[in-house]
Each structure stands twice: as structure tokens, then as C-alpha cells.
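Asks: I am attaching a structure below and will ask some questions about it afterwards.
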Amino acid sequence: MEHEPGSRVAVSAGAGEDVAERVRRVIRETGCSQREFARRIVMDPSKLSRSLSGSRRFTVAELARIADEGGVDAAWLLGSAAASAGTGAAWPEVPAARARTRSGGTPEGGRPLQIVRETVRLIAERGFHSVRVTDIAEACATSTAAIHYHFPGRAELLEAAVRWCMDEDTARRAARTAEAADAAGELRQLIELQTPRTEQQRVQWRVWLDLWAEAARSTAIGRLHVEYYRQWRTTVADVIRRGIAQGVFRDVDPEFSALHLTALIDGLAAQVLAAAGADSGTTQAAGAQGTDAEEMRAALLAHVEALLAVDGE
């Protein structure tokens, strides 16, 4: 029996347990945590958790990405869904990993992550609504059928692209702030990360701009938008709270100050990207240029100095 990639695998209770157990075994074989595995297959960790507990069914596309990351045949996962429950048959061994050893080479991180990375790049270059599945397939040197196998529609692709950007951003923040000596240093590192100076930073900001527009129209993307900004503001508020405890920041309201600072970052970043787009291929009169990345950084540091830093910091 064939399933559409985005459909949920309809199975009996016993067979459903088999699917979840097989996925658990694949996760154990990778040697990573459940949350890290969710990141690798570009899946909401809460959805993975609910699917493993039996309160939510995996979609065929999700199982395809799990199979790709685990290096097993998708039929091994999908076939168990069609198997009857209660046969008493012993569990087969997890099929030998094949995805990382196939002749001709496998994209770094597997096919799903390659698809997501190329989708992010194309969104940044053209905007989401100008990117076709055929464009993504061409960039990945594969077929449109292969794209749909992992991500059934454009909505799933955008959600996966945004989630991948969120995960990458979170990982970079954790790595950079760990280098700081105190909370003031952490906040400066966060400002550096959010200033679109490098091409990677500009790519990510262009994707965020598309996300903002799409979030106003899409419930799923709107939820991702809310989730990301809740995490981001919480991160900033926690840094400010630590700075108050360390005596490097004034006794301010951490939540309100985080809202103020993140809104300022968003507005300035949008100006920087708009100015970069206007300057592309044109020569503007002296003094007519818009905000650039260095001006953004200087304005943010001045804001922190004026409203947060204690005298002498």
C-alpha cells in the first residue's frame, strides 16, 4: 500500500507501537539525544516526542527523513506500519547503515538537510514565493519527486527551513556567549551575532524577513515565529538578569528591557538589509546611504551603555 508523503501512517495500535520502537532504535543507533535527532531531521522536537509516545502519528515524509538520517531503508520503517500486530516475531536487527557509505557520495548531513540548506539559500536570494520546487531539486542535483518524498509541500519546506535557521542561530549563540567573561560580554556577543555583517548573517536575516511576512498569513509559521521570539527574548532577558546580579547592569526590568532591545535589533537589521539592497549595483550620492552594519552595531552598543550599563562600565 502506498502513502502520500504528507499523510499520516494509519496503523493498528500494535503496529503503531512497532513504528515508534523502530524509530527509537534508530535514534539510539545514532548515539545522539532525542532533541539533537529532531534537529538533524528538521522536525519539531515536541512532534517527535508525541509520535514516539503514541499520541501523534508520524507522517510518511517524517519517516523518510528518519530513515535517511539513520541510514536505514525507509521500507524497514514504513513496512512495519503495514505489518499485522501480535505476530510474535522477533525484532530484526537495524539494517546496516547505508546512507553514509553509498557510492557516488551522500550530501553532508544527508539529503533532507541538503534540501533544507539549499531552500534557505534560495529563499534568501529570491524570496520564498519565488522559489519553486524545481529550483530546489536543481540545486540539490535531484528530482522533484525526491524533494516531495522528504517534504510534501512548500509549507513543509518553509517550516523546515525556518526551524533549521532557528537551531543554527541557537547553537551559534550558545557557542559565542560561552566565551564571555560576564553578562556584559555575553550581551555584546549577542549583538555581534545579530548584526548582519557577514554573508551568513545576511542570509539568515533575509530568511527572517520572509518569515515575518509569511507569519501574518500562516498559522504554522506564525507559531514558529512566536516560538522563536519567545526563546530569543528569554535568552536576552536571562543575560540582563545575570548582569544585574553581577552588578554590571542597572536594576531594570529584564523582560521589558529584552523586548526593547530585540525590537531595536529587528528594526535596525531591516534598515541595514534594505540599504544593502538599494546600494546593490548603484552608486548613491554621499550622505544618501542608508544604515550599514557598523552603524547598527554602534547604535546597539550605545543603547546598552545608556540604558543598561552601570556608571563606569
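Asks: Could you rank the peptides 52-58, 256-262 by their average count of other C-beta atoms within 10 Å per residue, with the highest value first?
Replies: Peptide ranking by packing, descending: 256-262, 52-58.
Asks: Give me the extension gain from GLN271 to ALA181: residue separation times 0.36 nm, minus the current Cα-Cα distance, reported in nm with one decimal.
Replies: Between GLN271 and ALA181, full extension yields an extra 29.3 nm.
Asks: Need the full-extension length gain, ALA171 to PHE256, defined as separation in residues times 0.36 nm minus the C-alpha distance. One decimal, nm.
Replies: 28.1 nm
Asks: Then there's this: Assuming R0 = 35 Å, can you tell me the calculated FRET efficiency for the pair ARG56 and GLN200, based on Cβ-Cβ distance, to the nearest 0.05?
Replies: 0.55
Asks: So, R0 is 22 Å and r is the distance between the beta-carbons of ALA74 and ALA220; what FRET efficiency does that work out to, to 0.05?
Replies: Rounded to the nearest 0.05, the efficiency is 0.35.
Asks: How big is the accessible area of GLU159 in square angstrom, nearest 10, if you roll a 1.4 angstrom probe over the protein chains?
Replies: So the heavy atoms of GLU159 present about 40 Å² to solvent.
Asks: When only alpha-carbon atoms count, how far does the range 123-259 stretch along each of its three principal axes, as whole angstroms with the largest first?
Replies: Cα spread of the range 123-259 along its principal axes, largest to smallest: 57, 28, 22 Å.
Asks: Further question on the same structure: Considering amide H positions built from the backbone, and no H for Pro or chain starts, which residues 5 or more places from PHE58, or on another chain, come under 5 Å of its amide H?
Replies: VAL9
Asks: At 0.36 nm per residue, and after removing the present C-alpha to C-alpha distance, how many nm does the segment from GLU29 to THR144 gain when stretched out fully?
Replies: Length gained, GLU29 through THR144: 38.4 nm.
The values are calculated or read from the model by the stated rules, or taken from the named source; none is laboratory data. Every value quoted in this text rests on a predicted model; they were computed, and no experiment measured them. All Cβ positions, glycine included, derive from the backbone under ideal geometry; neighbour counts span all protein chains shown. The accessibility values were calculated without ligands, DNA or RNA, using every heavy atom of the protein model including side chains. Shrake-Rupley method; radii C 1.70, N 1.55, O 1.52, S 1.80 Å.
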